[in-house]
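Heads up: the structure comes next, in structure tokens.
The values are calculated or read from the model by the stated rules, or taken from the named source; none is laboratory data. What you see is a predicted model, and the numbers here were worked out from it, not measured in a lab. Neighbour counts run over all protein chains shown; Cβ positions are idealised from the backbone, glycine included.
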Amino acid sequence: MRPTPAVLVLLASVAPASAADVPSASRIDAVTVYRSSARVTRLAAVQLEPGDGRVLLSGLPVQLDDDSIRVTGKGTARARIFGVTVEAVTRAEAADASARAAEQKIEALQAEDRGLEDQIRIAQARAKFVESLRSTYSEERAKNLAVRGVAAREWADLAGYVQGELAAASAAQRKTEVARRELGRRIEAARAELERLRAKRGETTKTIAVEVSVEQAGGIELAVSYAVPAASWQPIWDARLLPDQGKVELALKGAVSQSSGEDWKDVRLSLSTAAPSRALVVPKLEPVYLQKLVPPPAPRPLDLRRGGAAPMAAPAAAEAKRAKVAQEEEAPVAAMEAPEAEVEHGLLAATYTAPRRASVDGSGQSRRVDLARYPLAAQLSRTAAPRVDAAAFLTAKVVNDTGVPLLPGTAGVYVGDEFVGRAPLAATPVGGELELAFGADDRIEVERRVLERRHETAGLVSKDDVWRYRVRIAVKNRYATPAAVKLLDLVPVSRDEAIKVEVLAGSTAATREDPERPGVKTWELALEPRAEKVVELRYEVRFPRGFPIQGLE
């Protein structure tokens, strides 16, 4: 018989009192993780008989969102789904098999410990008995020396026997104490495991009851999905410069963590850039009215006879910030084939499905998943601002032609296989430009010198102070190939009409100026192999004599 798809359930309905409950084991098959939540899909296979009944999926996390539950089904049974209900179950009703096994393990270890403790007491009793036997024998022989003498061999045999017994008892006690210390560590580990299981499970669980009406007996597979809030993923990037290929390879990884109370074992794991928790209300502007300011009324004097001032309004609660996954430093990528995730591009988001099934622990431990690699054509350059740092920094400008927005995160920066540091990677839309720095390039030498810093007085009637500057910047290319260098320097900018700044003749014309940073000038230099270029910047600053000024070099 052809499988019959079940109806998507959106609303819960009340099941008849006579409905039969059919417990069903379920497993998590797929999980889609968002930036601050996740959708879990469970599969449950059951055999149904004709009539009304409920399929029970128990032991589910208490954090699941009741309103997010969706159920579909298919199978050989001819059945319909009429509703779903959610029931909270106390811990006594939902015994955890893993916790019970951990408790039994602790009990067995404690019984073993009691056995070792008995062995220690036996060894101590043995030593005490031998000491008592020696004392009694010696006392008795001493009293009877006048009647019967004691041969030297007899005393030697007694001493040897006592020594051997005491040594054996001491060795047995030491061996047992060592075993007991090791057993104590195993007991502590078992107790920690039990506490972890209890913390993950919580005090209560939930049971989902799917209400079905069966017309023809057969098997059915239910797919039950629900949302949990205690899950998230953070993007982690590797930015690897491949200078011989003129490319930058961006490798995206996802650090997934969740504390939903259940382990995701061997699931089809997907990471989505969508943010379901973000408000879906389209913003709109309200009118702003200007009116005469009315001063607030003066505060009433404190009336000590009535118990003090009126209570103050409670401050608004600040929005809690999600803690970022501490990022671990990664080793260079091995020269092996790295399977990539399957990427599905939606209208507003992208979803990465891991290339193989994965497991994520439910106690909050982070799990990293390789998602995608994007080789991007790079425009290499060096940027130098010798006024701040006498070094040329290797940079690469790329255009995001991946088809998906690049999420912000921390990137491990590599030049080839050499790790050079970590740096933030900015959010970059599709088609946007991204500039990455890869560290100082020692084979581009930059030297900045102030050749002239001269002060003089000008004017016949009103005297002005005049400062003249001459700055020389030399850039050398030590490569056997051409190199492009973006050189930055500046001329101070006046914020007062009394201060005049003028660029003088003899200055090297700048390629461009930054409108967002007044005074900053950029020279784009194309250096031939092993060549040098010199840039000069001359300017003067004039202001009335005695006028206080700050910011001069």
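Would you be able to tell me the number of residues in segment 403-427 that are surrounded by fewer than 19 Cβ atoms within 10 Å (Cβ to Cβ) and either assigned to a strand (DSSP E or B) or without any contact (Cβ under 8 Å) to a residue 40 or more places away in the chain (or both)?
11
Here is a list: Gly115, Gly59. Which entry is in the same structural domain as Lys206 (by TED's automatic domain parsing) and modelled with pLDDT under 90?
Gly59
Return yes when Ala509 is at pLDDT 90 or above, of a type in the set (Gly, Ala, Ser) and either part of a loop (DSSP other than H, G, I, E, B) or out of contact with any Pro (no Cβ under 8 Å at 6 or more places or on another chain) (or both) and no when it is not.
When the stated conditions are applied, Ala509 passes them.
Which one of the conditions (1) free of Cβ contacts under 8 Å to residues at least 12 places away in the same chain; (2) assigned by TED's automatic domain parsing to the domain that holds Ala190 does Asp67 fail to meet, given that it meets all the rest?
(2)
Limited to segment 473-506, what total is found for residues that are within 42 Å of the chain's Cα centre (by Cα) and touching a residue at least 60 places away in the same chain (Cβ under 8 Å)?
Residues meeting the conditions: 8.
Kindly indicate the residue of segment 264-279 that is part of a strand (DSSP E or B) and of a type in the set (Gly, Ala, Ser) and also modelled with the highest pLDDT among those meeting that condition.
Going through the qualifying residues, I end up with Ser270.
Checking Leu451 against (1) free of Cβ contacts under 8 Å to residues at least 40 places away in the same chain; (2) surrounded by 12 or more Cβ atoms within 10 Å (Cβ to Cβ); (3) of a type in the set (A, V, I, L, M, F, W, C), only one condition comes out false. Which one?
Going through the list (1) free of Cβ contacts under 8 Å to residues at least 40 places away in the same chain; (2) surrounded by 12 or more Cβ atoms within 10 Å (Cβ to Cβ); (3) of a type in the set (A, V, I, L, M, F, W, C), Leu451 breaks only (2).
If you go through segment 539-546 one residue at a time, do you hit one that is modelled with pLDDT under 95, surrounded by 16 or more Cβ atoms within 10 Å (Cβ to Cβ) and touching a Gly at 6+ places or on another chain (Cβ under 7 Å)?
no
Just for segment 45-79: of the residues that are more than 26 Å from Ala217 (Cα to Cα) and assigned to a strand (DSSP E or B), which one is nearest to the chain's Cα centre (by Cα)?
The selected residue is Leu60.
Has segment 180-196 got at least one residue that is assigned to a strand (DSSP E or B) and out of contact with any Asp or Glu (no Cβ under 6 Å at 6 or more places or on another chain)?
Checked against the condition, which is being assigned to a strand (DSSP E or B) and out of contact with any Asp or Glu (no Cβ under 6 Å at 6 or more places or on another chain), segment 180-196 yields no hits at all.
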